[in-house]
Each structure stands twice: as structure tokens, then as C-alpha cells.
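The values are calculated or read from the model by the stated rules, or taken from the named source; none is laboratory data. None of the values given here were measured: they were computed from a predicted structure. Cβ coordinates were reconstructed from backbone atoms using ideal geometry, including for glycine residues, and neighbour counts include every protein chain displayed. Side chains are part of the model used for accessible areas, which takes the heavy atoms of the whole protein and leaves out ligands, DNA and RNA. Shrake-Rupley method; radii C 1.70, N 1.55, O 1.52, S 1.80 Å.
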Amino acid sequence: MKLEIHHVTRYRYEEPVSDSVNELRLTPRTNYRQSCYHHEVNIEPSTSLFTYEDYFGNRVHAFSVNPSHRELVIKTKATVVTTDRNQNELEASAHSLEEELLLLKSDKLQDRYIEFLLPTAYTQVTEEVHSYVSKYPFGEKGLLAWTRKLSEGIHNDFTYDPAATDVNTTVSETLQLRRGVCQDYAHLMIAACRCLGLPARYVSGYHFVGDLQGGSADFEQASHAWVEVHIPGTGWLGFDPTNNTEVDWRYVKLGHGRDYQDIVPVKGVYRGSGRQSLEVKVDVRLLDA
């Protein structure tokens with residue numbers, strides 16, 4: 001499917017600011033499931049962009065706005081073609097649980113994916129996490145079936161509540177609150193996988209839901225977060241515990257990291273005082289099949 005994404009981030013400052021230095025991770029990746037055919041970034045006030053790839057292979061645009069300004073607007077536009085993974089091929093490639101566990105414990109896998117096995121500030125593996133994961137023991141059907149069960153369990157066990165948490169909420173806090181947003185669901189699933197030695201990483205991107213809204217474009221959209229889990233012998237697969245689904249053509253991946261901190265879509269600093277307001281608008285449209 002061909003999807004077009006418009007993303008506008010607007011900062012307004014109560015007093016003039018200067019020397020604003022920023023990083024953007026808003027470029028869709030090209031991989032086995034999606035191809036980014038067009039991407040553009042426009043900054044107001046106008047400035048030059050410096051582009052590079054970070055440690056995880058995410059495209060980063062860096063820029064600074066030195067003159068005094070009271071508003072900063074970041075506009076991106078992208079065209080991405082996405083596909084579904086063949087479920088029959090996926091099932092056919094699955095190993096037995098015994099084979100998967102042997103691969104999981106191998107030095108080769110541990111060394112290659114160590115950064116996606118270690119806990120982070122957001123995803124500490126606590127006694128509460130172990131207690132939660134104990135509800136979902138491995139079964140004979142293998143790690144893919146277990147991961148699906150875990151994703152479904154998180155979706156059912158927690159309440160989606162945008163007012164309950166913020167960008168600094170940890171897994172321990174989410175387990176206490178039993179509610180949160182996509183970032184919290186993703187961090188919990190990552191911690192659950194890592195505590196059992198299964199590599200997992202945080203993914204940021206977009207989720208097309210236009211045709212689920214009665215064909216209307218007049219509904220609020222936002223960036224989304226989900227999880228990729230490395231199934232030994234199969235590879236990285238995407239799961240969205242917030243919506244209880246596996247990643248398909250509706251999902252456009254921007255990037256991945258150990259947790260949210262590695263893949264913040266827009267972050268920066270500036271010189272100045274006073275309050276600021278933030279407005280984000282996202283529009284994901286289906287162009288054709």
C-alpha cells in the first residue's frame with residue numbers, strides 16, 4: 001500500500017529564544033516490509049540541515065536556529081510503500097521451542113543483540129516485572145506464539161489512558177498504575193521479553209487508521225510506538241500491544257532503539273526563559289493500493 005504522511009511540530013515561546021539546537025528522527029526506514037520513496041523536511045525559520053545515521057541506523061536530521069525567534073515549525077512529508085509479511089511463510093520458518101531456546105542461549109545471539117537484552121532506565125527488570133511475566137510461561141508452540149500471547153495479555157491487562165502517564169514513566173510505574181499509552185505498553189513488553197532473554201526493541205512510527213474511521217479524515221492522529229522482538233531462527237517481528245495486533249501494511253516505521261530515549265522524534269535545547277507550548281499534527285493517508 002502507498003501511504004503519505006504529513007507531520008507538523010510547532011513550538012511557540014512566551015519570550016524570544018535563540019540558539020535552538022535540535023535533532024529529528026522522522027525519516028521512514030527502508031527495509032524488507034517498507035520502502036520510503038520520498039521524504040522532505042522544512043524548518044521555519046529557515047536553516048540548513050546536517051544528516052547522519054545514528055548507532056541503530058536511524059536517519060537523523062540536525063539543525064540549529066541561532067537568531068532570536070518566538071516560533072519554531074518543523075514540517076515533514078513522506079511517501080512510503082508498505083507490504084504485509086506472508087503469514088504462511090512465517091509459520092513455515094518457525095523452529096521447535098527446544099531449537100529456539102538453544103539459539104536464544106547461544107553466545108552468537110547474545111553478543112549480537114546484547115543492547116536489546118540489557119535493561120534501561122525505562123525498562124528495568126524488577127521483581128514486579130518477573131511476577132507479571134510469570135503469568136505467561138513459554139508453551140510448546142514456540143516463542144512466536146508466546147510473544148503473541150504476551151502482546152494480547154498486555155492489551156487486556158492495561159487500560160489506555162493518555163492522562164495517566166508522561167514521557168518519563170517507567171515500567172515499574174506502569175505496572176502500579178495498570179494504565180498508560182503506547183509508549184508504556186511498548187516499554188512493558190520490552191522489559192517482559194528481556195527478562196526471559198528474548199531480544200526486544202522500541203519502535204517509533206505511524207499507524208494508518210483512516211479506513212477504520214468511516215472514511216473520514218477529520219480525526220486526531222499522532223505518532224505511535226510498538227515493539228520488535230527477535231524470534232530465534234525467524235528474525236525481527238513487530239507487535240503492537242496497544243492495539244493487540246501484529247505489524248502489517250498499516251504501520252510505517254521511523255526507527256528503533258533500546259527504549260524511547262533512543263528514538264525521540266524531535267528533541268532539542270534553546271537559550272531563553274519563559275514558557276513554551278507544543279502542537280503536533282499528524283496526517284496519514286492511503287494514496288492507492
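Quick notes on this structure:
- Whichever residue in the range 239-250 is closer than 26 Å to Ile114 by Cα and in contact with a Lys or Arg (Cβ under 8 Å, 6 or more places away or on another chain) and, among such residues, is surrounded by the most Cβ atoms within 10 Å (Cβ to Cβ): Phe239
- His95 fulfils the conditions (1) over 24 Å from Val282 (Cα atoms); (2) part of a strand (DSSP E or B); (3) in contact with a Leu (Cβ under 9 Å, 6 or more places away or on another chain) except for a single criterion, (2).
- Taking the listed residues Pro67, Pro45, the one that is touching a His at 6+ places or on another chain (Cβ under 7 Å), open to solvent by 20 Å² or more (accessible area, probe 1.4 Å) and over 24 Å from His256 (Cα atoms) is Pro45, with no other qualifying.
- Note on the range 100-187: enclosed helices (runs of 4 or more DSSP H) holding 3 or more residues that are open to solvent by 40 Å² or more (accessible area, probe 1.4 Å) and of a type outside the set (A, V, I, L, M) are 107-112, 127-133, 143-157.
- Within the range 266-286, tally of residues that are open to solvent by 30 Å² or more (accessible area, probe 1.4 Å) and under 23 Å from the mean Cα position of the chain (by Cα): 10
- Near pairs, Cβ below 8 angstrom, 6+ apart or cross-chain, from the range 266-281 (within 24 Å of Leu26 (Cα to Cα)) to any residue that is assigned to a loop (DSSP other than H, G, I, E, B) and of a type in the set (A, V, I, L, M, F, W, C): Val266/Leu26; Val280/Ala222
- Taking the criterion of being farther than 27 Å from Met1 by Cα and in a strand (DSSP E or B), the residues of the range 267-285 that qualify are Lys267, Gly268, Val269, Tyr270, Arg271, Gln276, Ser277, Leu278, Glu279.
- The range 23-42 - residue that is free of Cβ contacts under 8 Å to residues at least 60 places away in the same chain and over 12 Å from His7 (Cα atoms) and, of those, most open to solvent (accessible area, probe 1.4 Å): Tyr37
- Restricting the range 1-51 to residues that are within 30 Å of Arg85 (Cβ to Cβ) and among the hydroxyl-bearing types (Ser, Thr, Tyr) leaves a set whose member that is modelled with the lowest pLDDT is Tyr32.
- Condition check for His256: within 23 Å of Ser134 (Cβ to Cβ), at pLDDT 95 or above and either open to solvent by less than 30 Å² (accessible area, probe 1.4 Å) or touching a Gly at 6+ places or on another chain (Cβ under 6 Å) (or both): no
- The residue pairs whose first member lies in the range 124-139 and is within 24 Å of His95 (Cβ to Cβ) and free of Cβ contacts under 8 Å to residues at least 60 places away in the same chain, whose second member is small (Gly, Ala, Ser) and open to solvent by less than 30 Å² (accessible area, probe 1.4 Å), and whose beta carbons are closer than 9 Å, counting only pairs six or more residues apart or on different chains, are Tyr136/Gly153; Tyr136/Ala192.
- Asp54 being loosely packed, with under 15 Cβ neighbours inside 10 Å, at pLDDT 95 or above and more than 21 Å from the chain's Cα centre (by Cα): no
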